[in-house]
Structures are given as C-alpha cells and as structure tokens.
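The values are calculated or read from the model by the stated rules, or taken from the named source; none is laboratory data. A quick note: this is a predicted structure, and the numbers were derived from the prediction, not measured. Heads up, the Cβs are rebuilt from the backbone with ideal geometry, glycines too, and the neighbour counts pull from every protein chain shown.
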Amino acid sequence: MKNALPNVVVGKYLVSPLTKRLDNGWYAASVSIRSGTGSGTHDRVLRLTRLFTDKLAASQYATAEGLNWIRGSSPAACA
C-alpha cells in the first residue's frame, strides 16, 4: 500500500491514507490512524470496502473516513 496524498495531523492523531492497486485495475483504500509516541504508540488501520478506478479518489476517501473516525471517537462527540 502506498500514500497518494500526504499524511494529515489532527491534534494527537496522524491520519495516513493508503491505497493498493488490485489485479483487476481498481484501487482499494485503507487508512491508518496513529496516536502516541514511542512504546505508547497506538495504530488503528481501517480497511474500507469501496473500490475506486482512480488512486487519488481512493486516497481522498480514506482520508475523509479517517477524519470521520477521529470526530466520532472524540469525547466531545460522545457527550
């Protein structure tokens, strides 16, 4: 998997979109959401189910889903 877009830093999170070209020519998307440093680092990887014909579109979707996950997991959003 490779990045088509740069990583995005949001507060304590680093959002990294990942794409992979499949054998059929379509692109699969995943997103890594990392927090912490050193031995306290936590990395959550979400594999997304939509497929894309374009690498950039897959990266944009992965970034958006990572940002949505961060918004949904914040204490303010849960209140």
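Take Y61 and tell me if it is over 12 Å from the mean Cα position of the chain (by Cα), modelled with pLDDT of 95 or more and aromatic (F, W, Y).
no
Restricting attention to the range 14-48, which residues are under 14 Å from A64 (Cα atoms) and among the hydroxyl-bearing types (S, T, Y)?
Answer for the range 14-48, where residues must be under 14 Å from A64 (Cα atoms) and among the hydroxyl-bearing types (S, T, Y): S16, T19, S30, S32.
Taking the range 17-48 only, how many residues are without any contact (Cβ under 8 Å) to a residue 40 or more places away in the chain and either in a strand (DSSP E or B) or surrounded by 13 or more Cβ atoms within 10 Å (Cβ to Cβ) (or both)?
19
Hey, can you tell me all the residues within the range 1-57 that are of a type in the set (D, E) and more than 18 Å from G72 (Cα to Cα)?
Step one: list which residues in the range 1-57 are of a type in the set (D, E), which gives 23, 43, 54.
Hits for the range 1-57 are D23, D54.
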